[in-house]
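Enquirer: This is the structure I want to talk about, given as structure tokens.
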Amino acid sequence: MSTTSKPVSTSSKYSAAVDRATGKVAETTPETGITVPQHEDVKTMLLKPSQEQIDAMMADPGLEFAPQVHSLEEGELITGILEGNGPSTTFSQKDNATGIEITREVDTWIIRHPMSGLRLSILSSVQLDTKLPPFVNGAVSIYRGKEVKTSKGFRVTNYTVAGPKRPDGSLRSWVKPKIIDAASRVVDGQIDQAQLPAGPAAGASAGGEDARA
């Protein structure tokens, strides 16, 4: 009596693959041998939409989207509603001196389309961190200008930031207030520095995508 098993036809293999893909049977992963249970509803969760379907989804006024990271290019202008700081993102660049790629986290700013639910998240910079806060929750336009090199060898990108005047006529201010401890003493006409609260060192900054040598 022969114990040789009958070969599985190509059509049978195809049918089995279709059954697994459509959730009719459980699928066993070859790497682990673990059986992954499938359900009929899986077909409605995993799709491969066409570009037309993606465009229609993006244009749907009933949907709200999480921000997509976008790096402004030189000469590019973005306009929208500034929602505020977004989550930090990983930013990689190659060090010009050593050629080694450096990866670090950079803060972002979220800008929402004024009419739809689309959002963009742009990489922050030292300038944007100081120029954008007064425009939070309002319309803003950000223009990325040319990159200039400072006398100390750093490359800094110049940003032009603007927004409509406030309805009540009040002016925005970018002046950083001087904080003096009310309990500080005046000695010989000068404030006793020992009584002043500790603060960040002068010139300290978290930096951004363009704060690099």
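Enquirer: Note down the magnitude of the dipole of the stretch 49-100 about its Cα centre, charges +1 on Lys and Arg C-beta and -1 on Asp and Glu C-beta and zero elsewhere, to the nearest 20 debye.
Expert: My answer is approximately 240 debye.
Enquirer: Hey, another quick one. Pull out the extension gain between residue 104 and residue 162, defined as 0.36 nm times the separation in residues minus the alpha carbon to alpha carbon distance; nm, one decimal.
Expert: Contour length minus the Cα-Cα distance gives 18.0 nm.
Enquirer: If you don't mind, there's one more thing I want to ask. Return the sequence-ordered ³J(HN,Hα) values of the stretch 159-176 in whole Hz as given by the Karplus equation 6.51 cos²θ - 1.76 cosθ + 1.60 applied to θ = phi - 60°, using x for Gly and Pro.
Expert: Rounded to whole hertz, the list is 10, 9, 10, 8, x, x, 5, 5, x, 7, x, 5, 8, 6, 10, 10, 6, 7.
Enquirer: Quick one: which residues, 5+ away or cross-chain, put their amide H under 5 Å from the amide H of residue 69? H built at 1.01 Å from N.
Expert: 121
Enquirer: Stretch residue 170-residue 130 to full length: gain in nm at 0.36 nm per residue minus the Cα-Cα span?
Expert: 12.5 nm
Enquirer: Hey, what do the phi angles of the stretch 140-155 turn into as Karplus ³J(HN,Hα) couplings, whole Hz, using 6.51/-1.76/1.60 and θ = phi - 60°, x for Gly and Pro?
Expert: With coefficients 6.51, -1.76 and 1.60, one gets 8, 10, 10, 10, 8, x, 6, 8, 10, 10, 7, 5, 8, x, 8, 9 Hz.
Enquirer: Going through the cross-link list 94/176; 94/178; 94/152; 48/94, which pairs have a Cα-Cα distance over 27 Å in this structure?
Expert: 94/176; 94/178; 48/94
Enquirer: What full-extension length gain, to one decimal in nm, is calculated for residue 77 and residue 116 as 0.36 nm per residue of separation minus the Cα-Cα distance?
Expert: Gain in length upon complete extension: 12.2 nm.
Enquirer: Could you give me the ³J(HN,Hα) list for the stretch 57-63, computed from phi with Karplus coefficients 6.51, -1.76, 1.60 and θ = phi - 60°, whole Hz, x at Gly and Pro?
Expert: 5, 5, 8, 6, x, x, 10
Enquirer: Using the beta-carbon distance between residue 143 and residue 179 and R0 = 30 Å, what value does 1/(1 + (r/R0)^6) give for FRET efficiency, to the nearest 0.05?
Expert: 0.40
Every number in this text was worked out from the coordinates using simple rules, so none of it is lab data. Keep in mind that what you see is a predicted model, and the values were worked out from it rather than measured. Positions of Cβ are backbone-derived with ideal geometry, glycine not excepted, and every protein chain shown enters the neighbour counts.
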